[in-house]
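Each remark here refers to the structure printed beneath this line.
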Amino acid sequence: MSSPFHNSLFHFLLSRKENLNSSHVAIMGGVSGSRFAFEEKLSDLPIVIFDFETTGLDIRTAKIIEIGAIKYLGRKEVGRFSELIDPKENVSEEITRITGIDNSMLVGKPSIQEILPKFHDFLRGCVGFAHNAEFDVGMLHHESYRLGISCDYTIFCSLKMARALVKIERRNLDALAAHYGLTFESRHRSIGDILVTAGVLWRMIDENPELQTIADFSSYREEMLG
């Protein structure tokens, strides 16, 4: 039986205008995404904050080992996506030191071919946010392209926002968490980083009430490559 949330969100998505700015239909070998009219208010839209953990920092060679995402509607959590992924290669000691994810945690986990389409299902129809979104968007595009999925999402970067709006020396998540008095559930694990990113995002928006519509966030957009 569907929950009241699923019913309300399903009705919300169905009630949106069917035009070029609305959600794309995703199929393998097709397009997955979401575009919105410039005048739409961010507070009225479902938001997905997401984060990838990977085997390295080069999007051409790195593999995704964890995808985490939290969906918000009216700043309330309404959905969560969290999956470890077997990259079919060993994770370096450095990555294990940073993330706490080791090879034993990944053996037998689903492949990226199995998990990534499910993540597209979770993200589709929502506004995306990520901290240092250039990297996460690059990984999303690269792995999706490899699977034959073309991405066309509206994604904004909270790091770009912080660089423009928060007057502190550094704007990584550690510095922003300290600035806003936030604590990590777990650092360099997807859900832990996402929860802090959400806290930072809400505070930046509250401090800058002129940020209302999709157009107002245009300077912080991370363009998809196609």
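The values are calculated or read from the model by the stated rules, or taken from the named source; none is laboratory data. All figures in this text were calculated on a predicted structure; none of them were measured in a lab. Backbone-built Cβ (ideal geometry, glycine too); neighbour counts: all protein chains shown. The accessibility values were calculated without ligands, DNA or RNA, using every heavy atom of the protein model including side chains. Shrake-Rupley method; radii C 1.70, N 1.55, O 1.52, S 1.80 Å.
Put simply, of E143, E66 the only residue that is acidic (D, E), surrounded by 15 or more Cβ atoms within 10 Å (Cβ to Cβ) and under 17 Å from R189 (Cβ atoms) is E66.
Specify which of the listed residues (A178, A130, A215, A164) is of a type in the set (A, V, I, L, M) and open to solvent by 60 Å² or more (accessible area, probe 1.4 Å). It is A178.
Going through (1) surrounded by 15 or more Cβ atoms within 10 Å (Cβ to Cβ); (2) in contact with a helix residue (DSSP H, G or I) (Cβ under 8 Å, 6 or more places away or on another chain); (3) among the polar types (S, T, N, Q) one by one, N208 falls short only on (1).
Of the residues R171, R187, R203, the single one that is of a type outside the set (S, T, N, Q), open to solvent by 40 Å² or more (accessible area, probe 1.4 Å) and in contact with a Leu (Cβ under 7 Å, 6 or more places away or on another chain) is R171. For the stretch 89-104, a residue qualifies if it is among the charged types (D, E, K, R) and not in a helix (DSSP H, G or I), and the qualifying residues are E89, D102.
Contact map, the stretch 162-176: residues that are more than 14 Å from N208 (Cα to Cα) paired with residues that are open to solvent by 50 Å² or more (accessible area, probe 1.4 Å) and among the aliphatic types (A, V, I, L, M), Cβ distance under 9 Å, separation 6+ or inter-chain. Pairs shown: I168/A178.
Can you find a residue in the stretch 109-119 that is out of contact with any helix residue (DSSP H, G or I) (no Cβ under 6 Å at 6 or more places or on another chain), more than 14 Å from E66 (Cα to Cα) and crowded, with 21+ Cβ neighbours inside 10 Å? Looking through the stretch 109-119, none of the residues is out of contact with any helix residue (DSSP H, G or I) (no Cβ under 6 Å at 6 or more places or on another chain), more than 14 Å from E66 (Cα to Cα) and crowded, with 21+ Cβ neighbours inside 10 Å. Restricting the stretch 198-225 to residues that are assigned to a loop (DSSP other than H, G, I, E, B) and within 17 Å of the chain's Cα centre (by Cα), which is farthest from G148 (Cα to Cα)? So, considering only residues that are assigned to a loop (DSSP other than H, G, I, E, B) and within 17 Å of the chain's Cα centre (by Cα), the one farthest from G148 (Cα to Cα) is I214. Could you go through the stretch 70-81 and let me know if any residue there is surrounded by 13 or more Cβ atoms within 10 Å (Cβ to Cβ) and in a loop (DSSP other than H, G, I, E, B). No, because not a single residue in the stretch 70-81 is surrounded by 13 or more Cβ atoms within 10 Å (Cβ to Cβ) and in a loop (DSSP other than H, G, I, E, B).
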